[in-house]
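S.K.: Below you will find the structure I want to go over with you.
The values are calculated or read from the model by the stated rules, or taken from the named source; none is laboratory data. Keep in mind that this is a model prediction, so the values were computed, not measured. Note: ideal-geometry Cβ built from the backbone for every residue, glycine included; neighbour counts use all protein chains shown. Only protein heavy atoms, including side chains, enter the accessible area calculation; ligands, DNA and RNA are left aside. Shrake-Rupley method; radii C 1.70, N 1.55, O 1.52, S 1.80 Å.
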Amino acid sequence: MELIHIVEALIYAAPEPVSSAEIAKAVRRAAEDSAIPEAQEWETINASDIETVISELDERLVQTGSAIQLSEGSNGWRFVTREIYADWIRALLPEMRPEKLSAAALETIALIAYRQPITKADIEAVRGVSVDGQIQKLIDRRLIHIAGRADLPGRPMLYETTEDFMEHFGIKELDDLPNASELRIVELPTPEEEPAEEEVADTEEAETAESEEVDDNAARIAALEAEEESAEAESDNEEESEESSEAEEIKFSEDDAPEETEQPAN
């Protein structure tokens, strides 16, 4: 029995990806109770030894042209089929066709991946649109999860990627993302801060005072206009009264004038 075949069997039988440390632990445990001669050497095997065996196993799979290959994810090793057989596998299992992410979802998850943990407000500040729907879809697909709350007013939720995210995109760790070191330090737009309650109260008081002052000024202007109209009305009444008096005097004078009598001719 060879160690390489034992490692192959363990990876194949594991229901989830298995790490080199977990494989080494299983080999040591089984070696203690094994009666085969080689088992004594495996009682002290470590993760580094398993890594060497896995590399050898991967080379054998390539050399034999196997349709199976080893894939290391964030959680460990597992067997997967090679990409060139994808169409044939879809024909056998059409219901397993993966759902593609939309452009909006890809933009959202990219921001989370590079700047995690990150709040929804920070994402929206960059994208310029609401991301409520996209975040919910990514949570439902287990690509992101809530990682806690930010120490900010309102305690907004923080979002991070999951192990399924790295498996979905075929990366072992976040540093494997393209241009990871550069994009993590790029300055991003900041969300607009809501004014504090005191500032809002002061603003409301100032607006109320300004409104009252405007109302007072308007009242004063209306009063002045009313006074001017009243004065004009009184002036018009006085002029009309004077004209009426003059007319009466003229009429009275005409009435009192002596009638001319014709003198008899001599």
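S.K.: Residues that are open to solvent by less than 50 Å² (accessible area, probe 1.4 Å), under 14 Å from the mean Cα position of the chain (by Cα) and under 17 Å from Ala103 (Cα atoms): does segment 140-159 have at least one?
M.R.: Yes.
S.K.: If you go through segment 29-50, how many residues are open to solvent by less than 70 Å² (accessible area, probe 1.4 Å), in a helix (DSSP H, G or I) and either on the phi > 0 side of the Ramachandran plot or modelled with pLDDT of 90 or more (or both)?
M.R.: So the answer is 6.
S.K.: Let me ask you something else. Would you point out the residue of segment 51-80, among those that are of a type in the set (Ser, Thr, Tyr) and part of a helix (DSSP H, G or I), that is nearest to the chain's Cα centre (by Cα)?
M.R.: Ser55
S.K.: Right, here's the next one. Would a scan of segment 14-21 turn up a residue that is assigned to a helix (DSSP H, G or I) and over 16 Å from Gly73 (Cβ atoms)?
M.R.: Taking every residue of segment 14-21 in turn, none turns out to be assigned to a helix (DSSP H, G or I) and over 16 Å from Gly73 (Cβ atoms).
S.K.: Would you please list the contacts, defined by Cβ atoms under 9 Å and residues six or more apart or on different chains, that run from a residue in segment 80-100 that is over 18 Å from Ile68 (Cα atoms) and open to solvent by 70 Å² or more (accessible area, probe 1.4 Å) to a residue that is part of a loop (DSSP other than H, G, I, E, B) and modelled with pLDDT of 85 or more?
M.R.: Glu99/Arg141
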